[in-house]
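Taking it in order: structure first as C-alpha cells, then the write-up.
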Amino acid sequence: MFRTSIRNKLIAFLLAAVTVPLATSIIITYWYTKDSIAKERIGVTAALLVQGRENIRHYMDTIHQATLSVYNDAKLNEAIETGATDYLSDKETYRALMHMANVMPDIYQVYLYLDLAKQPYLLKSALFKRIPESPQPFRPDTYGAEVAVQPPHASHDYGFAPTAYIEPATVMTMHRIIRRVPRTEELGILSVDVDMQGLRTMAESLYDRSREQLFLIDERGYVVYGPDPGDWGRRLEQGWAAELLARPERAGSVFVGGGDGFRGVQVYDTLETSYLRWTIVKRIPDEALYKQARDVARINTFVLAAFSLLSIVVTVGVAFLFTAPIKRLIGYIAAIEKGNMNVDIRLSRSDEFGLLAARFRSMMQHINNLIVKEYRLELANRTNQLKALQAQIQPHFLYNALQSIGTLALQMNAPNVYKLIASLGKMMRYSMNTGETSVPLAKEIDHIRSYMELQRNRFGDGLALTLDIDEQTLQVEVPKMTLQPLVENYFKHGMVPSPEQPGEIEVRSRALQDGTIAITVRDNGRGAEPARLERVRRTLRLAGKGLDPEAEDADGGGIGLANVLSRLKLFYGDEADMQVEGAEPHGFRITITIPARGKEADDEDHHRG
C-alpha cells in the first residue's frame, strides 16, 4: 500500500518529520517530570511520617507515664512494697488502677500482680477483680526489658474468669516490671492492655488505603500495624522488612523492584524511645507515585498531537483533493459490507470517477431488487407453513368442544349451556382468525381459560387450573395456538378420572436472566412410562431439526407436541426449545423456552436485516 499510494507516502514523510521531534520532546519531558514529582512526593511523605512519628510517640509516652504511677502514687507503692491485701489496701489499689485506666479511653484493661502477697488484680471497664492468694502470676513475654511493648494480640483474661458482657478486643500491651527502689528486687508486674483503635486511627491518617500501604514494625519484625488486621502481631517474613530493619539510617527511602509483587518506593522513619523501637514504613506503588507525571505527559501529548494534526491537515490537503473520490467509494463499500444495502452513492463528477460511481450505483440497485424478491418469497413460504400447521389443530379441538356442550345439554338441561356456548364462540373466533399468526402471550392465556371452562363442564368441578404468570412475559409474541395443545395433552394421555384424585393443571411463565422466557405446563395425571417418554423426546428431536417425524401419539389423537415445536422453530429459529419430563410425585411437565422479545423487536430485526 505504501508503494502504490501517493497519499500514504506523503503522509508518512510528514508524520516522521513532525512526530519524531515531538515524541522525543514528550519522552524527555515525561522522564524529567517523573523524577521531579517522585522526589517531591517522597519529601512530602517523609515530612508526614515525621509528624506521625511524633504523634505516636506522644501517644505511647502517655501510656508509659501512666504505668509510672506504681512509683509516683505513695499509697499504691506502699501496698506493693509491704504486700498488704487488707480492705484499705485493696481500695487504694482499685483507686490507683482506675486513675491509670482513665488516662486515655483506649486503655482496655489493667493487670497488676504483687509478688509479696501472691495477689493478682484486674481492672476491666471499671470492674475490679482479685483472686485469693495465687502462687503463680501471669507473665507475658517482656523480652527481658524493664518496660516492653507486646505487639497486637487478642485480649486475655490473665487467669481470671471471663466477663460475659465485655467483648474481647485486639490490644497491644505495655508490661512493666515493678522493683523496690533503689534496689533491684522485683516486687511485681504491671500490664496495661491498650485497644488498637487509637493507634489505628493515627496510622490510617498517614496514607491512602486504596493505593498505598503503611506498616508499623517493632525491632523484632512483628507487625504492630498493617493494612491487613490479620497480620497484626505476626512476624513479617517478607524479605523487604528484614532489609529495612537492618539499615543503619534512622530515616530514608528505598526503591524496590517487585520481589514480593510490589514495585515502587518505601519511605521509612524510626520511632525510638527508652522502651520501644518501631519503624514506620509507607509503601507507595509506581502507579500512585507517578500518576501525576503520567497525567502531565498525557496533557502534553494531547496538546502536541493537536498541533501536529493541524500541521498535517494543512500540508496534505492537496493529496486529499486528488484521492478523495477513491476514499468515498471505499467508504460506500465498507458501509455495504456492514449490511447497509441502501447506501446513497453520491459522486457528482464527469471524469472516470463519476462513471465508476454510476456503474456501482446501478449494480447495487439490481442486487437490492433481487434481495427483496427472495425475502418476500421466503416470508410467504414461512407464513403458509405456519397457517398450514395451525389448521391441523382445529378439527380435533372443535370436536371435543361440541361434545362437551352436547353432553351438558343432555344431562343437565341447565342455563350453563349458554356459558359453554359463549366460551366455545370465543375460542372459535380466536382459532379461526387466520389473519394473525402470532399473538401476545396474554391472549394465549385467555384462550386456555376458555378451553378449561369447557373441559371443566365436561369432567366436573374437580378439574383445577392454576395460572402463575410473570407480568413481564404477557406481551411476548408467541405463535398462535401454542399453549392449548400442551394443555390438551393432559386430557389425551394423562387424565385419570377419579373423585379421589382431582385433575390439576398448572401453567407458569418466567422471564429468565439470560434474556429468555420459560413457559411450563404441568399436570398431575398418570405421566408417561420411560419408553414412551423416550419416544416423545426422539420425536421432538426430529421436529427440532426440521424433519417430518411420525406422530408421537401412538394411540392417535391430534398432531401433538411435535406440531408445537415445529411452529416455534419456524417462528424463533434455533432459539426455541421444548423439554418434556415426568413430574413428582406423578404427572407430566412440558417446558418451552423462547427468546424474550415481542413482535416489535422481531420487526426491527427484519428491517435491520
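When the stretch 229-254 is filtered for residues that are farther than 18 Å from Val149 by Cα, out of contact with any Asp or Glu (no Cβ under 9 Å at 6 or more places or on another chain) and not in a helix (DSSP H, G or I), the ones remaining, listed by number, are Glu237, Ala246, Arg247, Pro248, Glu249, Ser253. The lone criterion from (1) closer than 22 Å to Val50 by Cα; (2) at pLDDT 90 or above; (3) out of contact with any Lys or Arg (no Cβ under 6 Å at 6 or more places or on another chain); (4) surrounded by fewer than 20 Cβ atoms within 10 Å (Cβ to Cβ) left unmet by Val281 is number (4). If only residues of the stretch 186-218 that are in a helix (DSSP H, G or I) and polar (S, T, N, Q) are counted, the one that is farthest from Thr82 (Cα to Cα) is Thr201. Scanning the stretch 507-544 for residues that are in a strand (DSSP E or B) and within 24 Å of Leu465 (Cα to Cα) returns Val507, Arg508, Ser509, Arg510, Ala511, Ile517, Ala518, Ile519, Thr520, Val521, Arg522, Asp523. I'd like to check something: does the stretch 231-251 contain any residue that is within 22 Å of Ser155 (Cβ to Cβ), free of Cβ contacts under 8 Å to residues at least 12 places away in the same chain and out of contact with any Leu (no Cβ under 7 Å at 6 or more places or on another chain)? There is at least one residue in the stretch 231-251 that is within 22 Å of Ser155 (Cβ to Cβ), free of Cβ contacts under 8 Å to residues at least 12 places away in the same chain and out of contact with any Leu (no Cβ under 7 Å at 6 or more places or on another chain). Here Ser205, Ser210, Ser191 are screened, and the one residue that is closer than 30 Å to Ala74 by Cα and assigned by TED's automatic domain parsing to the domain that holds Glu78 is Ser191. When Ala79 is tested against the conditions (1) more than 30 Å from Arg298 (Cβ to Cβ); (2) at pLDDT 85 or above; (3) hydrophobic (A, V, I, L, M, F, W, C), the lone failure is (2).
Does Arg176 count as touching a residue at least 40 places away in the same chain (Cβ under 8 Å) and more than 22 Å from Phe262 (Cα to Cα)? Spelling it out, Arg176 is indeed touching a residue at least 40 places away in the same chain (Cβ under 8 Å) and more than 22 Å from Phe262 (Cα to Cα).
Out of all the residues in the stretch 440-449, which are small (Gly, Ala, Ser) and in a strand (DSSP E or B)?
Those that are small (Gly, Ala, Ser) and in a strand (DSSP E or B): none in the stretch 440-449.
Collect the residues in the stretch 450-476 that are modelled with pLDDT of 90 or more and either outside any strand (DSSP E or B) or more than 24 Å from Glu581 (Cα to Cα) (or both), keeping them in residue-number order. Those that are modelled with pLDDT of 90 or more and either outside any strand (DSSP E or B) or more than 24 Å from Glu581 (Cα to Cα) (or both): Asp470, Glu471, Gln472, Thr473, Leu474, Gln475, Val476. Assessment of the stretch 157-170 against the conditions (modelled with pLDDT of 90 or more and either not in a loop (DSSP other than H, G, I, E, B) or not assigned by TED's automatic domain parsing to the domain that holds Glu81 (or both)) yields at least one matching residue.
Taking into account only those residues within the stretch 487-506 that are touching a Leu at 6+ places or on another chain (Cβ under 7 Å) and not in a loop (DSSP other than H, G, I, E, B), which is surrounded by the fewest Cβ atoms within 10 Å (Cβ to Cβ)? Ranking the qualifying residues of the stretch 487-506, first place goes to Ile505.
The values are calculated or read from the model by the stated rules, or taken from the named source; none is laboratory data. Note that the coordinates shown come from a computational prediction; the quantities given were computed from them, not determined experimentally. When we count neighbours, we look across all protein chains shown, and the Cβ atoms used for this are built from the backbone with ideal geometry, even at glycine.
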